[in-house]
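Q: I have a structure here, written as structure tokens, and I will follow up with some questions on it.
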Amino acid sequence: MSEDKEKKDLTEQVEDSKISFEDLAKISRKSSAFDRVTTIILLAICVALAAYVIFGSVGSREVAAVEETADNRINVRAEQVAPETFRNYTRLNGEIGSNNSDVAIVPDTSGNVASILVKRGDMVKAGDVIAYIDPSRPGQSFKENPVTSPVDGMITSIPVSIGEQVSAASSIATVSGDKTLYIEASLPERYIGTTEVGMAADFTSVAYPGEVFTAELSFISPSVKTTNRTSDIELEITNGGEKLREGMYVTIDLVTEEIENAIAIPSSAITETLDGNIVYVVENGTASARTVTTGSRNDSDTVITSGLNAGDVVITAGTVADGSAVNVLE
């Protein structure tokens, strides 16, 4: 039956149920007070009957519409659970240190500095001559003695000037050899139980915005400072060390917990209830509620210690209930 025909039928039903107000007025004039009351009651009944016919029919159509959409599936997003290595991180601040391989270059004899052949920033090899010392005395003339670098590296300081009197213990220059850089930081006490030497870390420096360097935890102090409840740690720089400098301030994301073959899912997929934590898995096209036990969590994921198995498909986005028909979006 079309919608226009339904409206026509409804109109006819209402017309059939109407009572002429003119006729009622005539009856009212000729009738007693009792008759007028009866007429008013009948009129009210007719109006109520018309309203029921119209609105009752519309309500029936709305119920039918709900029934027609009741079988629609709910669109959801889901992912299949698989064992993985779960990592938890903590953010620390640190400073780059080195093994302090600076070497002072000293002459073999005392005398006046006759010449300086290098400047700060120059690279030298072991055995290169960097200066000459004139050991002559008043009334005596001696050959100038060369001063050589004992190691490869960069000249970082020249604390003397030409003509200056120096002794055999005086530093003519300082050469900085190949340095092994590392990061010094402090680890809060609460992470000591889950942190081990060898754990990985990423770090950044304001000197290189957006660039991420890598390091590895190489040392954890066996003691805890009572003043701030931390332990000193060192991290060996494993990538990008050629760009970094001793004394730089860095921000570290250190792995403080690592669980192999963990079942971890997005924390947003877990619903907390009074009866425990619930997740929904897809089974034969429907959402099935599972009670799970949770473990460690990081910024995005939570470890599930019981209630899920590898291969389960967990709903990660979408509002469902137990038994809801679902459509998993790709």
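No lab work stands behind these numbers, since they all come straight from the coordinates. Owing to the predicted nature of the structure, the values given are computational and were not obtained by experimental measurement. FYI the Cβ positions are ideal-geometry reconstructions off the backbone, even for glycines, and counts take in every protein chain you see.
Q: Would you mind checking which residues have amide H under 5 Å from ASP152's amide H? H placed 1.01 Å from N; only 5 or more apart, or other chain.
A: Excluding prolines and chain starts, which carry no amide H, the hits are ALA126.
Q: Order 181-189, 102-110 from most to least packed using the mean count of other Cβ atoms within 10 Å. Don't jump to the answer; show the numbers that get you there.
A: Numbers: 181-189: 18.1, 102-110: 16.2.
Going by the mean number of other Cβ atoms within 10 Å, highest first, we get 181-189, 102-110.
Q: Now for a different question. With θ set to phi - 60° and the Karplus curve 6.51 cos²θ - 1.76 cosθ + 1.60, what are the ³J(HN,Hα) couplings of region 179-186 in order, to the nearest whole Hz, using x for Gly and Pro?
A: Karplus values, whole Hz, x for Gly and Pro: 9, 9, 7, 8, 10, 9, 8, 10.
Q: Using amide H atoms built 1.01 Å from N in the peptide plane, name the residues 5+ places from ASP122, or on other chains, whose amide H lies under 5 Å from its own.
A: Those lying under 5 Å, H to H, from ASP122 are ILE155.
Q: Next question, about the same structure. Pull out the extension gain between LYS243 and ARG77, defined as 0.36 nm times the separation in residues minus the alpha carbon to alpha carbon distance; nm, one decimal.
A: On the way: separation 166, 0.36 × 166 = 59.76 nm, distance 4.33 nm.
Gain in length upon complete extension: 55.4 nm.
Q: How charged is the neighbourhood of TYR89? Take every other residue with its Cβ under 12 Å from the Cβ of TYR89, and add Lys/Arg as +1 and Asp/Glu as -1.
A: With Lys, Arg at +1 and Asp, Glu at -1, the neighbours total -3.
Q: Another question about this same structure. For region 103-176, rounded, prolate or oblate, judged on the Cα gyration tensor with a ≥ b ≥ c (square roots of eigenvalues), a/c < 1.5 rounded, else prolate if a/b > b/c?
A: Details: a/c = 2.25, a/b = 2.02, b/c = 1.12.
Prolate.
Q: Then there is this: Where in region 234-330 are there trypsin sites (Lys or Arg not before Pro) that are in a DSSP coil and have at most 16 other Cβ atoms within 10 angstrom of their Cβ? Don't skip to the end; give the middle numbers.
A: Working: sites: LYS243, ARG245, ARG290, ARG297; in loops: ARG245.
Of the trypsin sites (Lys or Arg not before Pro), the ones in loops of region 234-330 whose Cβ has at most 16 other Cβ atoms within 10 Å are ARG245.
Q: I've got another one for you. ASN239's amide H: which non-local residues (gap 5+, or another chain) put their own amide H closer than 5 Å, with H modeled 1.01 Å from N in plane and none for Pro or chain starts?
A: THR214
Q: Check each of the trypsin sites (Lys or Arg not before Pro) in region 92-186 and keep only those in coil by DSSP with at most 12 other C-beta atoms within 10 angstrom; list them in order. Kindly include the intermediate steps, with their values, before the conclusion.
A: Values: sites: LYS119, ARG120, LYS125, LYS143, LYS179; in loops: LYS119, ARG120, LYS125, LYS143, LYS179.
In loop regions of region 92-186 (DSSP not H, G, I, E or B), the sparsely surrounded trypsin sites (Lys or Arg not before Pro) are LYS119, ARG120, LYS125, LYS143.
Q: Using DSSP to call loops (not H, G, I, E or B), can you name the GluC sites (Glu not before Pro) in region 192-295 whose Cβ has at most 15 other Cβ atoms within 10 angstrom?
A: Numbers: sites: GLU196, GLU211, GLU216, GLU234, GLU236, GLU242, GLU246, GLU257, GLU258, GLU260, GLU272, GLU283; in loops: GLU196, GLU211, GLU246.
In loop regions of region 192-295 (DSSP not H, G, I, E or B), the sparsely surrounded GluC sites (Glu not before Pro) are GLU196, GLU211, GLU246.
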